[in-house]
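First up is the structure itself, then whatever we jot down about it.
The values are calculated or read from the model by the stated rules, or taken from the named source; none is laboratory data. What you see is a predicted model; the values in this text were computed from it and never measured. Positions of Cβ are backbone-derived with ideal geometry, glycine not excepted, and every protein chain shown enters the neighbour counts.
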Amino acid sequence: MEAVLSPKERAQYALLAARIRRSALEMVYRATSGHIGGSFSLCEILSVLYFHELRIDPKQPDQPDRDRLVLSKGHCTPALYSALALRGYFPVEDLKQFRDIRYHMSGHAEMHHVKGVDMSTGSLGQGISAAVGMALAGKLDKKDYRVYAILGDGEIQEGQVWEAAMAAGNYHLDNLCAIVDNNNIQIDGTIEEIMSPYPIDKKFEDFGWNVICCDGHDVGAIHDALEQAKACKGKPSVIVAKTVKGRGVSFMENSCDWHGNDPNAEQYAAAAAELDAALAACEKEAAKYE
Amino acid sequence: MNKISTRSAYGEALAEIGKDSRIVVLDADLQCCTRTEKFAALYPERAFNIGIAEANMVGMAAGLATCGKTVFVNSFAMFTAGRAFEQIRNSLAYPHLNVKVIGTHAGVTVGKDGATHQCLEDLAAMRAIPGMMVLSPCDANETKLVTKAIAQYDGPCFMRLGRLEVEQCTNLLPDYRFELGKASKLSDGRDVAIIATGLMVQEAMKALELLRAKGIEATVLDVHCVKPLDADAVLAAAEQCGCIVTAEEANILGGLGGAVAEVVCESCPVPVLRVGIRDEFGRSGDPLALMELYHITAADIAEKAEAAVRMKK
């Protein structure tokens, strides 16, 4: 197992997460639509994946031996596209095209027009199956790439997720790692109020998965969980990441109002002020190690 | 003349092309019925029986296709085109992935299993998806040709196959030429054009003889590709004959009849009478008896053809 992250790395990935979050807010405000809450809960996870874990080359986005990431909760493109742009797949300036009819940066993840997206998603429950297919292809071709799939905790109410979970367990796909963004909130309420999928860990365990739980906003903990997943042989791994929907903006946290709504000018200014302050703090922390 | 089901011919063709290591075959606990078992016996490392979980089967196919595989997913038409419609639409067709969706046991000729297994909506549903190629070969020979051709085509397709053993047809016709997507003219007459797909092509050829006895000469177009429809061939037949009868073993709403009517009414309006299941569910019964019950036999085509000819006057 790789050593834990150094303080410098932790500061770097926290800073990148803060940049993803700030960019996601900007995209949704500019587009006057998009999914803020679930994007904000994902920022640290995407930061560690794209800037540390994934073996990828933004200059060769289709390289066949690359690691793959499927955003099964395909509505959280503000965070995904921001991470891809910051990682160098396309200019950050292009994020202004999000949800704009003149361009092809559509509301949900789209693989042909947005560089770095490994699978078109948006209809919940389907991305995980595609990830299982990619992992199976890796085994067939005897390649050592790894496949990551990010699921929403509301999304796992879809039956197809458990069909896919059964298949991944059955085929012992240890090159597959699912991450459940456990922010506890879906559109209509908390996941317990609507249709509880708990206990999430035990369900995956029963389907033959190695289960790891972690704090989904602690870049060090995310890193350690990903390392544990990689070290586990003979079965797929799932990281149940405890997160906060709307993380980083006080009035957006833990509220289903911010699943798919865009902020007005006043709300945007307040949110931006909070995120800018957090970003400045992260920059200061990261600067200590320069 | 020995009869062969199109599903069996497909299974043979799949085994014949199976040495191509890009081909991966997925089944949902119906390998024995979709006839992929021959492929699975020859290439077990590339055949996966993923259990009774069609939605996941289609999604896995999508993932495999992104990694360069040519994937065939197999089940009854009811459970691929029907149950997994939205997975086909969003995970295969929207990203235009190289997956061949096979729907066996289509139509009422499934027989005694009855309505829940007799898919009548597959042609309409698959046709409505942007960029989806929709195939419906008529006999063993054509099924093998289509199977081999779609394996070389880079994109999503749906192929409708039947359970019933059907007569051989195209291999017995010296003028039959196959080109993926092109309708084949099996007979050239000037009075009426019969445009048929699937096992209704054989019925159309029998109707041809019934009509000839009455002095009516028919063109017969065999449409193995319902989408994209060979509009040039359809319009040429409309111009030549001045009236059309379509024949399919599916709901008359939105299938081949609908496709032909759409093309004809925009560019060469002539009467189009449709033979097919008239918007109802099928009963359990003997396949041939069901064809009679739902009026999709050669006699029904001939009767419609006579009516179409009368409409010209």
Let me confirm something: among B:ALA41, B:ALA81, which residue is touching a Gly at 6+ places or on another chain (Cβ under 6 Å) and part of a helix (DSSP H, G or I)? B:ALA81
The one condition in (1) over 24 Å from B:MET200 (Cβ atoms); (2) crowded, with 24+ Cβ neighbours inside 10 Å; (3) in contact with a helix residue (DSSP H, G or I) (Cβ under 6 Å, 6 or more places away or on another chain) that B:ARG83 fails to fulfil: (2)
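Residue by residue through the stretch B:116-132, note down the ones that are in a loop (DSSP other than H, G, I, E, B) and more than 14 Å from every other protein chain (Cβ to nearest Cβ).
Our first condition is that a residue be in a loop (DSSP other than H, G, I, E, B); within the stretch B:116-132, this holds for B:118, B:120-121, B:128-132.
The answer is B:GLN118, B:LEU120, B:GLU121, B:ALA128, B:MET132.
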Of (1) surrounded by fewer than 14 Cβ atoms within 10 Å (Cβ to Cβ); (2) on the phi < 0 side of the Ramachandran plot, B:ALA305 fails just (1)
Give just the number: which of (1) touching a residue at least 40 places away in the same chain (Cβ under 8 Å); (2) closer than 24 Å to A:SER47 by Cα; (3) not charged (D, E, K, R) does A:SER250 not satisfy? (1)
Find the residue count for the stretch B:276-308, including only residues that are more than 30 Å from B:ARG190 (Cβ to Cβ) and among the small types (Gly, Ala, Ser). 4
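Provide a single number: the residues in the stretch B:85-115 that are assigned to a helix (DSSP H, G or I) and more than 14 Å from chain A (Cβ to nearest Cβ). Spell out the reasoning first.
Initially, the stretch B:85-115 is screened for residues assigned to a helix (DSSP H, G or I), giving B:85-93, B:108-110, B:115.
Of the ones still in play, those that are also more than 14 Å from chain A (Cβ to nearest Cβ) are B:108-110, B:115.
Going through the stretch B:85-115 one residue at a time, the tally reaches 4.
If you check B:VAL245, B:VAL226, B:VAL234, which single one turns out to be within 18 Å of B:GLY162 (Cβ to Cβ) and surrounded by 20 or more Cβ atoms within 10 Å (Cβ to Cβ)?
After ruling out the rest, the residue left standing is B:VAL226.
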Among the listed residues A:ASP224, A:ASP215, A:ASP206, which satisfies the condition of being free of Cβ contacts under 8 Å to residues at least 12 places away in the same chain, surrounded by fewer than 22 Cβ atoms within 10 Å (Cβ to Cβ) and either touching a strand residue (DSSP E or B) at 6+ places or on another chain (Cβ under 9 Å) or not β-branched (Val, Ile, Thr) (or both)? A:ASP206
Got at least one residue in the stretch B:7-14 being crowded, with 20+ Cβ neighbours inside 10 Å, modelled with pLDDT of 95 or more, touching a Phe, Trp or Tyr at 6+ places or on another chain (Cβ under 8 Å) and more than 13 Å from chain A (Cβ to nearest Cβ)? yes
For the stretch B:197-231, name all the residues that are free of Cβ contacts under 8 Å to residues at least 24 places away in the same chain and either in contact with a strand residue (DSSP E or B) (Cβ under 9 Å, 6 or more places away or on another chain) or hydrophobic (A, V, I, L, M, F, W, C) (or both). B:LEU208, B:ARG212, B:ALA213
Of the residues in the stretch B:46-76 that are part of a loop (DSSP other than H, G, I, E, B), facing chain A (nearest Cβ under 7 Å) and hydrophobic (A, V, I, L, M, F, W, C), the one that is nearest to A:LEU176 (Cα to Cα) is B:CYS67
If you scan the stretch B:146-191, which residues turn out to be buried (at least 18 other Cβ atoms within 10 Å of the Cβ), in contact (Cβ under 8 Å) with a residue 60 or more places away in the chain and not in a loop (DSSP other than H, G, I, E, B)? B:VAL146, B:THR147, B:ALA151, B:PHE158, B:MET159, B:ARG160, B:VAL166
Give the stretch A:137-164 a look and list any residue that's in contact with a strand residue (DSSP E or B) (Cβ under 6 Å, 6 or more places away or on another chain) and either under 15 Å from A:SER237 (Cβ atoms) or facing chain B (nearest Cβ under 9 Å) (or both), or say none. A:VAL147, A:TYR148, A:ALA149, A:ILE150, A:LEU151
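So for the stretch A:125-136 (the condition being more than 12 Å from chain B (Cβ to nearest Cβ), part of a loop (DSSP other than H, G, I, E, B) and either modelled with pLDDT of 95 or more or buried (at least 21 other Cβ atoms within 10 Å of the Cβ) (or both)), does at least one residue qualify? Break it down into steps so the answer makes sense when it comes.
So the first thing to find is which residues in the stretch A:125-136 are more than 12 Å from chain B (Cβ to nearest Cβ), and the list is none.
No - not one qualifying residue is present in the stretch A:125-136.
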Residues that are more than 13 Å from B:THR66 (Cα to Cα) and hydrophobic (A, V, I, L, M, F, W, C), drawn from the stretch A:100-134: A:ILE101, A:MET105, A:ALA109, A:VAL114, A:LEU124, A:ILE128
Out of the residues in the stretch A:190-203 meeting the condition of being under 24 Å from A:GLY248 (Cβ atoms) and touching a residue at least 24 places away in the same chain (Cβ under 8 Å), tell me which one is surrounded by the most Cβ atoms within 10 Å (Cβ to Cβ). A:ILE191
Please pick out the residue among B:VAL275, B:VAL270, B:VAL309 that is touching an Asp or Glu at 6+ places or on another chain (Cβ under 6 Å) and over 18 Å from B:CYS138 (Cα atoms). B:VAL309
Applying the selection to the stretch A:73-121, what residues are more than 16 Å from A:PHE51 (Cβ to Cβ) and within 14 Å of the chain's Cα centre (by Cα)? A:LYS73, A:GLY74, A:HIS75, A:CYS76, A:THR77, A:PRO78, A:HIS108, A:ALA109, A:VAL117, A:ASP118, A:MET119, A:THR121
Does the stretch B:177-186 contain any residue that is among the aromatic types (Phe, Trp, Tyr) and under 30 Å from B:ALA84 (Cβ atoms)? yes
Among residues of the stretch A:166-180 being part of a loop (DSSP other than H, G, I, E, B) and within 11 Å of chain B (Cβ to nearest Cβ), the residue surrounded by the most Cβ atoms within 10 Å (Cβ to Cβ) is A:LEU173
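I'd like the residue in the stretch A:94-114 that is of a type in the set (D, E, K, R) and surrounded by fewer than 17 Cβ atoms within 10 Å (Cβ to Cβ) and, out of all such residues, is farthest from the other protein chains (Cβ to nearest Cβ). Steps first, please.
Applying the first criterion (of a type in the set (D, E, K, R)) to the stretch A:94-114 yields A:94, A:96, A:99-100, A:102, A:110.
If we keep only those that are surrounded by fewer than 17 Cβ atoms within 10 Å (Cβ to Cβ) as well, we get A:94, A:96, A:100, A:102.
On the way: A:ASP94: 20, A:LYS96: 24, A:ASP100: 19, A:ARG102: 20 Å.
Residue satisfying both the conditions and the ranking: A:LYS96.
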Go through the stretch A:90-125 and report how many residues are basic (Lys, Arg) and either in contact with a His (Cβ under 9 Å, 6 or more places away or on another chain) or free of Cβ contacts under 8 Å to residues at least 24 places away in the same chain (or both). 1
